[in-house]
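For reference, the structure discussed in these notes is given below.
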Amino acid sequence: MDFFAHLQMAFTIAFEPMNLLMCFIGVLCGTLVGVLPGLGPSTTIALLLPVTFSLSAVQSFIMLAGIFYGALYGGSTTSILVNIPGEASSVMTAIDGYQMAKKGRAGPALGISAFGSFIGGTFAIILIMLLAPPLARMALKFAFPEKAALIFFGFTMVTYLSGGSLIKSLMMAAAGVLLSCVGTDLITATQRFTFGLLELTDGIGIVPVVMGLFGIPEILSNLEKPSREVQVFETKTSQLLPSKQDWKESSGPIARGSILGFIVGLFPGAGGVLPSFFSYALERRLSKHPERFGKGEIAGVAGPETANNAGGQAAFIPLLTLGLPCTPALAVLMGALMIHGLTPGPLLMRENPQLFWGAIGSMYVGNAMLVLLNLPLIGLWVKILRIPYYLLSPLILVICLIGAYSLNNSTVELMIMVLCGIVGYLMNKYGYPAAPLVLALVLGPMFEESLRQSLIMSKGSLGIFFTRPISAVLVIISLALLVSPLIFRKQERPKGGESA
Amino acid sequence: MPQDRDIMSSLFWALVGVLFCIGGTNYGLRRSGIPGPGFLPFVTGLILVAFSLILLISRLLKREDAAGSVREPMPSGEALRRILKALGALCLYVLILEPLGFMLTTFLFMVLVLRLEPRRWTFILPAAIGTTAFFFLLFKVLLRVPLPPGILGY
């Protein structure tokens, strides 16, 4: 059977010593940034991207993907122990997890979130293996109009789900497309908006933009508050295993969280925030004791943590089969693949099976490593939290500065980063989400190419997007989503943070 | 006043849109009947202007929607000064990195950022020297990242 042949191939590649090492480094870095507030997965992937130039495509993808899902694990530790979600995706975990820690049950809370994450993540990887091949086969039939419609659909979903004001999300997506126009035009080779700068002929790089829009504002807003001591609960590793009763109460939430998280995670823009948000809401509704939620209910930890990891893994499906990154971190990951000369999309599985199945295999291995890493090393992560922030923040800034400079050895990238830092800080303050901008910046060139090629096919008529069934469906859904807030008055949407 | 912030920012983004529209027109919207290199910047610029104006008008009419009102407060006083100093330090880093070199620039930057809150020099100087040395070892020696040597030769 196909499945087992693929599984064998996946594990053979993942267990090559160099790949194992990269996977380990990736999940270790991921856990670390998950623990540290102020350094998100997207910034970290951007930072380490220049380091991967000397690695093979498979190795760099395994490492950078490890950062992405490793951060989903790490975030829960700080949520539970200090009520500081290291990542936006762990906000829901903090609610009941911290209450459990206050009652002296930090151990089981940490344990169940690690096991839940593992189960949710592994469940999602199995589904990736089953669903990705048929999806990619379908996507192979996509021509330029379908591609353009798909990217348009991706933009719409991201703006729709990124939280905050819809009009501002749309403005940011437009701004991202505009920024992606900077550089050499793909079709006519015209230099656009480069101001004669050689560094801009290849376009504005994703790395300085991501570090500027996500990394710098986070540090700046932490600088606003005077530094303070972090209160950490002491936990012994021996108490980490959840009791039989804990398992009984968590098995339902974990099972539901896996499925729910996977489905929600498939949608571009849902990121790590929405799966855990929905799972928490679902568990509270289904619970026999909804009044216990918010006071240290283990189901409120198990469900969201599982959903968050299942969703994070599921987000690889649109990336690997359609070339559609669901979150800013995956957009940077896509940028990394493109630097290695690979385009994520339906052809990836056929032309680079090594990379595709190697990545899948490394996810199984990485998830297992994360459980083993997280539980015994909790003491270490907690110690890292004790590094005072006034020392940590300049360190992160210097790493960003050097990372941006080392891309091309040019101060142009540095200027872009600092400029994006200022704009990104103000965007936070003024309620403009950065995720749509980053995704539009990455997808912009592909969108432009497929849009213009479609219009060449149709001799300039927009009708081509409505006469072909797949593109028609995608465009109509997108337009309906965009118009719906005008018709129905919206409920307040959850505020998306940096999101995984 | 959150309304004022929306007005200012929507005008800013409208200006960005207009600039890209003008640029797009210069690069050519159509070439022999099909969209040219200026097509996408022009159309997207127009869309950005349109959305900015919708935001502007709805705020002028004070129709604040519930979801849009989630904002962080602007810092003021001491906090604002810290932010501006940090931004100043970042800009300075960009300006002096190539002429002064990696070591000196990083050292100065660390001193500036560590001094954002009142602290003793007996802490700041060793911390700045230590971190600069750490970065030198990490990036220059271990990862072999080419960094500008500047006047010190490092």
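The values are calculated or read from the model by the stated rules, or taken from the named source; none is laboratory data. Everything numeric in this text was worked out from a predicted model, so none of it was measured. When we count neighbours, we look across all protein chains shown, and the Cβ atoms used for this are built from the backbone with ideal geometry, even at glycine. Heavy atoms of the whole protein, side chains included, go into the accessibility calculation; ligands, DNA and RNA do not. Shrake-Rupley method; radii C 1.70, N 1.55, O 1.52, S 1.80 Å.
Taking a ≥ b ≥ c as the square roots of the eigenvalues of the Cα gyration tensor, an a/c ratio of 1.5 or more together with a/b no larger than b/c marks chain B as oblate. Candidates A:PHE144, B:VAL113, A:LEU186 compared by Cα position along the dipole of the protein assembly as shown: farthest toward the positive end lies B:VAL113, with charges placed on Cβ. Descending by average beta-carbon neighbour count within 10 Å, the peptides A:166-172, B:94-100, A:334-340 line up as A:166-172, A:334-340, B:94-100, the highest first. Placing +1 on the Cβ of every Lys and Arg and -1 on the Cβ of every Asp and Glu, with no other charges, gives chain A a dipole of roughly 1160 debye about its Cα centre.
When the helices of chain A are scored as -39500 (n - 2.57) per DSSP H run of n ≥ 4 and the total is divided over every residue, the value at 222 nm lands at -23000 deg cm²/dmol.
Taking the dipole about the Cα centre of the protein assembly as shown, with the C-beta of Lys and Arg at +1 and of Asp and Glu at -1, give me whichever of A:PRO134, A:GLN59, A:GLY75 is farthest to the positive side. The listed residue farthest towards the positive side: A:GLY75.
Of the DSSP H helices in chain A, those that are both long (alpha-carbon extent of 15 Å or more along the helix axis) and hydrophobic (Kyte-Doolittle mean at least 0.5) are A:2-14, A:17-35, A:57-82, A:106-139, A:144-161, A:166-180, A:328-339, A:353-385, A:389-408, A:411-430, A:435-457, A:469-487. Panel values: the range A:86-141, Kirkwood radius from alpha carbon pairs, Stokes-Einstein at 10 °C and 1.306 mPa s, translational diffusion coefficient 116 µm²/s.
When the listed pairs A:LYS248/A:LYS383; A:LYS102/A:LYS288; A:LYS147/A:LYS429; A:LYS225/B:LYS140 are checked against a 30 Å cut-off, the alpha-carbon distance exceeds it for A:LYS248/A:LYS383; A:LYS147/A:LYS429; A:LYS225/B:LYS140.
Distance distribution P(r), the range A:114-200, all Cα-Cα pairs, bin width 10 angstrom from 0: 13, 23, 30, 26, 8, 1 percent. Take every pair of alpha-carbon atoms less than 8 Å apart whose residues are at least six positions apart; their mean separation over the length of chain B yields a relative contact order of 19 percent.
Could you look at the protein assembly as shown and say what percent of its accessible area is carbon and sulfur, using a 1.4 Å probe and all protein chains?
68 percent
Per-residue shielding of A:441-447, expressed as the average number of other chain Cβ atoms within 10 Å of the residue Cβ, stands at 1.
Over the range A:70-170, the reciprocal of the mean inverse Cα-Cα separation, the Kirkwood hydrodynamic radius, stands at 16.6 Å.
Report, as an integer, the average count of C-beta atoms from other chains found within 10 Å of each Cβ along A:185-191.
Numbers: counts 8, 1, 5, 6, 1, 6, 2.
Taking all residues of A:185-191 together, the mean is 4.
Counts of other chain beta carbons within 10 angstrom of each beta carbon in peptide B:88-97 average 5. Considering only A:LEU474, A:LEU372, A:VAL438, the residue lying farthest towards the positive end of the dipole of the range A:362-492 is A:LEU474, judged by Cα position with unit charges set on Cβ. Remark: chain B carries a charge dipole of roughly 180 debye about the Cα centre, counting +1 on each Lys and Arg Cβ and -1 on each Asp and Glu Cβ. Taken over the alpha carbons of the range A:1-86 as equal point scatterers, the Debye sum produces base-10 log I(q)/I(0) values at 0.15, 0.17, 0.22 Å⁻¹ of -0.59, -0.70, -0.94. Summary value for the range B:4-45: 37 percent relative contact order, contacts being C-alpha pairs under 8 angstrom separated by 6+ residues. Shown here are the Rg and Dmax of the Cα trace of chain A, at 21.8, 70 Å. Before anything else, pin down the relative contact order of chain A: Cα pairs under 8 Å, at least 6 apart, normalised by residue count, whole percent. Relative contact order of chain A: 30 percent.
Summing both sides, the accessible surface hidden between A and B at a 1.4 Å probe radius is close to 5900 Å². Decide, for the range A:363-415, between rounded, prolate and oblate: order the square roots of the alpha carbon gyration tensor eigenvalues as a ≥ b ≥ c, take rounded if a/c falls under 1.5, and otherwise choose prolate if a/b is larger than b/c, else oblate. The shape class here is oblate. Each of the peptides A:202-211, A:240-249, A:394-403, B:74-83 was scored by the mean count of other Cβ atoms within 10 Å over its residues; in descending order, highest first, they stand as A:202-211, A:394-403, A:240-249, B:74-83. Between the range A:1-42 and the range A:144-176, the C-alpha centres lie 30 angstrom from each other.
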